[in-house]
Amino acid sequence: METNGATSRFIQITSDIAAQPEGSVPQACGCEAATKATYRFLDNENVTPEAIRASHRDKTVERVKEYKTVLAVQDTTSLNYASHKATSGLGPIDGNGSNGLHVHSVLAVSSDGIPLGLVHQQDWARDPKEKGKKEKRKKLSIEEKESYRWLQSLEAIKQAMSEDTHIITIDFPRRRYL
């Protein structure tokens, strides 16, 4: 993703998808040529989630420097792909048999509530073989637990942000509704 052409293509793809977030790639792209180009782009080994996130993080860090105090809001969400039967690499996301991915994100926000961008993000799929093994999870080291993602995000915030900016970390632990 280092060339201007790749960056321009990525901006076009994200604009198309953002215009129709509920649509499929072919619907968002609008024509067969754009759809093929999008799939070729996404299949390129140089286009990785890490490269996309790094580029966004770098711009976020630049914006953060303009503020004395910034909120670093952390949360984990589950992406449910239960209706996408042919998708691989997924894991259980709830106790109802749904499969998908988990994504833990840190969003930088000014103290006035202005979104500044994504500071850090991790995604993962739970191992389907480990489903329902709560007793085993209790015996794991902190580094092997999903909750460790919160600590990794704190470290990433510390590494990315300037010491001149006062960072207030806010997290939203999972809540269970009856």
### Filter result (in contact (Cβ under 8 Å) with a residue 60 or more places away in the chain and of a type in the set (A, V, I, L, M)) within the range 45-71
Val61, Val64, Val70, Leu71
### Query
With (1) more than 26 Å from Ser147 (Cα to Cα); (2) touching a residue at least 24 places away in the same chain (Cβ under 8 Å) as the list, and Gln74 as the residue in question, which single condition is left unmet?
(1)
### Task
Pick out the one residue from Ser55, Ser15, Ser8 that is under 30 Å from Ile167 (Cα atoms), hydroxyl-bearing (Ser, Thr, Tyr) and not assigned by TED's automatic domain parsing to the domain that holds Ser111.
Ser55
#### Entry: Only one of Leu107, Leu71, Leu90 that is among the aliphatic types (A, V, I, L, M), at pLDDT 90 or above and under 24 Å from Gly23 (Cα atoms)
Leu90
### Task
Please go through the range 74-87 and pick out each residue that is at pLDDT below 90 and either of a type in the set (Ser, Thr, Tyr) or outside the structural domain of Gln121 (by TED's automatic domain parsing) (or both).
Tyr81, Ser83, Thr87
### Task
Quickly run through the range 15-33 and pick out the residues that are at pLDDT 90 or above and among the hydroxyl-bearing types (Ser, Thr, Tyr).
Ser15
### Task
For residues that are of a type in the set (D, E, K, R) and either under 16 Å from Thr77 (Cα atoms) or not assigned by TED's automatic domain parsing to the domain that holds Val106 (or both), scanning just the range 146-178, find the one that is modelled with the lowest pLDDT.
Arg176
### Message
Residue under question is Ala86, and the condition is that it be small (Gly, Ala, Ser) and more than 14 Å from Asp171 (Cα to Cα); does it hold?
### Response
yes
### Selection count where residues are surrounded by fewer than 17 Cβ atoms within 10 Å (Cβ to Cβ) and touching a Leu at 6+ places or on another chain (Cβ under 7 Å), scope the range 101-123
6
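The values are calculated or read from the model by the stated rules, or taken from the named source; none is laboratory data. In this text, all values refer to a predicted model and were calculated from it rather than measured experimentally. Counting neighbours? That spans all protein chains shown, and the Cβs are built from the backbone with ideal geometry, glycine included.
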